[in-house]
Amino acid sequence: MRALHGIRRFVYREPRMAVGFHVDFVTTGAPFRGLCRDVSDAGIRAEFDDPLTVGGSGLLILRPATGVLKLRAQVAYIEKQQVGLLFLFETPWERRMTTEFIAAIGNDNGRSAIVGF
């Protein structure tokens, strides 16, 4: 039997919703500005102007047309210019409010989409 290369380990991921709105990720110093490509109840996938570091954490600011959400997040992966940020909930209430906020983005009927930077 030969070794299989390029096979990734299965990891369950929350269903994602395609979007396009601005985000900021604040660590130390100036914020990283980016464009959110998809969002779930667990985190986002975004493209940023400047490179981030896997494992880094900070304040993530989501800016869809429905409002603004600020919460802690951690860089989970970087793959082909795409950055996966995992939400770091501090309380059950914060998790619940984030889930409701994400649902409101989905109910926005695409009005939060941004054509370009």
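List of remarks:
- Among the residues of segment 64-94, those identified as touching a strand residue (DSSP E or B) at 6+ places or on another chain (Cβ under 7 Å) and of a type in the set (S, T, N, Q) are Q74, Q81, Q82.
- Verdict on P51 being open to solvent by less than 60 Å² (accessible area, probe 1.4 Å), more than 12 Å from the chain's Cα centre (by Cα) and either under 23 Å from N107 (Cα atoms) or at pLDDT below 95 (or both): no
- Filtered residue count, segment 23-40, keeping only those that are touching a Lys or Arg at 6+ places or on another chain (Cβ under 8 Å) and part of a loop (DSSP other than H, G, I, E, B): 1
- Residues of segment 20-48 satisfying the condition of being open to solvent by less than 30 Å² (accessible area, probe 1.4 Å) and among the polar types (S, T, N, Q): S40
- Residue match in segment 55-68 (condition: within 18 Å of A104 (Cα to Cα), under 13 Å from the mean Cα position of the chain (by Cα), at pLDDT below 90 and open to solvent by 70 Å² or more (accessible area, probe 1.4 Å)): no
- Taking first residues from segment 33-62 that are free of Cβ contacts under 8 Å to residues at least 24 places away in the same chain and partners that are part of a loop (DSSP other than H, G, I, E, B) and surrounded by fewer than 16 Cβ atoms within 10 Å (Cβ to Cβ), the Cβ contacts under 7 Å between residues at least 6 apart in sequence or on separate chains come to R33/D49; D38/R16.
- Being modelled with pLDDT of 95 or more and polar (S, T, N, Q) is a description that does not apply to Q81.
- Subset of segment 69-100 (residues that are among the β-branched types (V, I, T), surrounded by fewer than 15 Cβ atoms within 10 Å (Cβ to Cβ) and under 12 Å from the mean Cα position of the chain (by Cα)): I78
The values are calculated or read from the model by the stated rules, or taken from the named source; none is laboratory data. Just so it is clear, the structure is predicted and the values come from calculations on it, not from any experiment. Methodologically, a virtual Cβ is constructed for each residue, glycine included, from the backbone with ideal geometry; neighbour enumeration extends over all protein chains shown. Each accessible area value is taken on the protein alone, full model and side chains, heavy atoms only, with ligands, DNA and RNA left out. Shrake-Rupley method; radii C 1.70, N 1.55, O 1.52, S 1.80 Å.
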